[in-house]
Amino acid sequence: MTDIPQLTLARDPHENEFIQAVSDVMTSVRPVLEKTPEYRHHSIVERIVEPERVITFRVPWIDDMGQVRVNRGFRVEMNSAIGPYKGGLRFHPSVNQSILKFLAFEHVFKNALTTLPLGGGAGGTDFDPKGKSDGEVMRFCQSFMAELFRHIGANTDVPEGDIGVGSREIGYLFGMYRKLKNKFTGVLTGKGLGWGGSLIRPEAAGFGCVYFAAQMLATRNDALSGKTCLVSGSGNVAQATTRKLIEMGAKVVTLSDSSGHIYDEAGIDAEKLAFVSRLKNIRRGRLSEYADQYPHAVYAPAAPGQASNPLWRHRAQCVFPCATQNEIRKADAYHLINNNVKLVCEGASMPCTADARYIFIDKGILYAPSKAANAGGVAVSGLELTQNSIRLTWLGEEVDNRLKIIMKGLHDTCLAAADAYGSPGNYLVGANIAGFIKVADSMLDQGII
Ligand code: GLU
């Protein structure tokens, strides 16, 4: 049996990221398919890799010079067998159908693992918010929502942010949805605290990732305290991951953006992190300014086109890739292994290439795939929806406690599934199998649709 459904290869040969994500799941679930003839008989694999719906649309908007510009918008509604489609909106020039199908496909299993009733989807556009004025971003978001509003809804499809979409963009998107529908519902998550948002939502993916890492280390009677950590990225997930690692007594020595990375041997403390948050969230500046502010830190510009990223050459026991897909490749994995890495926990979606992740697993490194490790983000989105439905706002402590319980449950579920199917300690196999079985069984129960 081939691990990638032939139809996917035949229909979408250029969708590299999607094929990578499909192949990752299918390789893991092979023993499940062998044991469960109903899945084959009901073509669960063939159905699960085909989105229920893909919407593509034109997004015209007017820039500050009065020029009309046109971008392409997408929403991939992948699977709603266990709940409304749920997943982020990514605004980045690299966005295309392959990337959004991979993100939506990942969400199907990630969201199932949270135990919340959430299906999988993802969307976005090739619009680049970098360097745009607030007015341009607002006009773009309004035009984007002028089409998207037809397809989403609190019980249908609930988008959230992803790369390039933060609280500013969610605000403009929500405002336009509310105006067009004349309805105030929990149709988007990641909302502002004053208008339906949840405490801890901005921190959830990063905090959850660190809780997951702590659980993994505990299985080897180890802890995060005193560990040196590499974190990539400097957005929401990277900032929250760094904050929680500092709180747990670890030392974070790197952060990055698309222009380069900083290495601070003394460690990024709470005050330096607050500088990064102001720089990135408010001033929308470049990370190179960190080295101007803290001259003992070293800034290295990115070297695109090289087989490895200098960020991953620093020595550390724990690694948290929180920037983007495929940012740790084969050569990076070998650098990390040669520097005695103990744990790799994915904060971004699919940040390790297939080669890199199998190297970590082969060498016995604790490795957590994003669909488990960064599920805290979408889990707290689910909790935001619950609060919207009951018209209540929970205290931050309550949300954080629920997040901890979800991440512990998720960790244990992955280990149990990996054990049951003969791959003890393999979180990749465990996450894929546990997520797949839940969705596949729900599809079986609901018939051929
Ligand atoms: N974009 C985030 C993720 O990939 C959040 C998605 C959501 O909450 O819907 O997990």
Scan (1) more than 12 Å from the ligand (Cβ to nearest atom); (2) surrounded by fewer than 24 Cβ atoms within 10 Å (Cβ to Cβ); (3) more than 23 Å from residue 282 (Cβ to Cβ); (4) touching a residue at least 60 places away in the same chain (Cβ under 8 Å) for the single condition residue 136 breaks and write down its number. (3)
Please note which strands (runs of 3 or more DSSP E) are completely contained in the stretch 209-265 and include at least 3 residues that are touching a helix residue (DSSP H, G or I) at 6+ places or on another chain (Cβ under 6 Å). 251-257
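Residues to consider are 410, 428; find the one that is away from the ligand (no atom under 16 Å from the Cβ), buried (at least 24 other Cβ atoms within 10 Å of the Cβ), of a type in the set (A, V, I, L, M, F, W, C) and assigned to a helix (DSSP H, G or I).
428
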Could you tell me whether the stretch 339-356 includes any residue that is buried (at least 16 other Cβ atoms within 10 Å of the Cβ), touching a Leu at 6+ places or on another chain (Cβ under 6 Å), closer than 26 Å to residue 226 by Cβ and not polar (S, T, N, Q)? yes
In the list 130, 181, which residue meets the criterion of being at pLDDT 95 or above, out of contact with any helix residue (DSSP H, G or I) (no Cβ under 8 Å at 6 or more places or on another chain) and basic (Lys, Arg)? 181
Within the stretch 304-318, of all residues that are of a type in the set (A, V, I, L, M) and in contact with an Asp or Glu (Cβ under 9 Å, 6 or more places away or on another chain), the one farthest from residue 375 (Cα to Cα) is 307
Which one is surrounded by the fewest Cβ atoms within 10 Å (Cβ to Cβ), of the residues in the stretch 105-133 that are part of a loop (DSSP other than H, G, I, E, B) and within 16 Å of the ligand (Cβ to nearest atom)? 117
Scanning the stretch 59-72 residue by residue, those touching a residue at least 40 places away in the same chain (Cβ under 8 Å) and exposed (fewer than 12 other Cβ atoms within 10 Å of the Cβ) turn out to be 64
Given 102, 91, which one is within 14 Å of the ligand (Cβ to nearest atom), out of contact with any strand residue (DSSP E or B) (no Cβ under 7 Å at 6 or more places or on another chain) and within 23 Å of residue 16 (Cβ to Cβ)? 102
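Going through 86, 101 one at a time, which residue ends up being under 13 Å from residue 381 (Cα atoms), of a type in the set (Lys, Arg) and either modelled with pLDDT of 95 or more or part of a loop (DSSP other than H, G, I, E, B) (or both)?
Going through 86, 101 in turn, the sole match is 86.
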Is it true that residue 27 is within 25 Å of residue 349 (Cα to Cα), among the polar types (S, T, N, Q) and surrounded by fewer than 22 Cβ atoms within 10 Å (Cβ to Cβ)? yes
Residue among 163, 170 that is crowded, with 19+ Cβ neighbours inside 10 Å, part of a helix (DSSP H, G or I), within 15 Å of the ligand (Cβ to nearest atom) and of a type in the set (A, V, I, L, M, F, W, C): 170
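Suppose the filter is more than 18 Å from residue 242 (Cβ to Cβ), away from the ligand (no atom under 13 Å from the Cβ) and either of a type in the set (S, T, N, Q) or surrounded by fewer than 16 Cβ atoms within 10 Å (Cβ to Cβ) (or both); does residue 381 pass it? Working first, answer last.
On the way: more than 18 Å from residue 242 (Cβ to Cβ): yes; away from the ligand (no atom under 13 Å from the Cβ): no; either of a type in the set (S, T, N, Q) or surrounded by fewer than 16 Cβ atoms within 10 Å (Cβ to Cβ) (or both): yes.
Considered against the rule, which asks whether it is more than 18 Å from residue 242 (Cβ to Cβ), away from the ligand (no atom under 13 Å from the Cβ) and either of a type in the set (S, T, N, Q) or surrounded by fewer than 16 Cβ atoms within 10 Å (Cβ to Cβ) (or both), residue 381 comes out as no.
The values are calculated or read from the model by the stated rules, or taken from the named source; none is laboratory data. Everything numeric here is computed off the predicted structure, so don't read it as measured data. Virtual Cβ from ideal backbone geometry, glycine too; neighbours counted across all protein chains shown.
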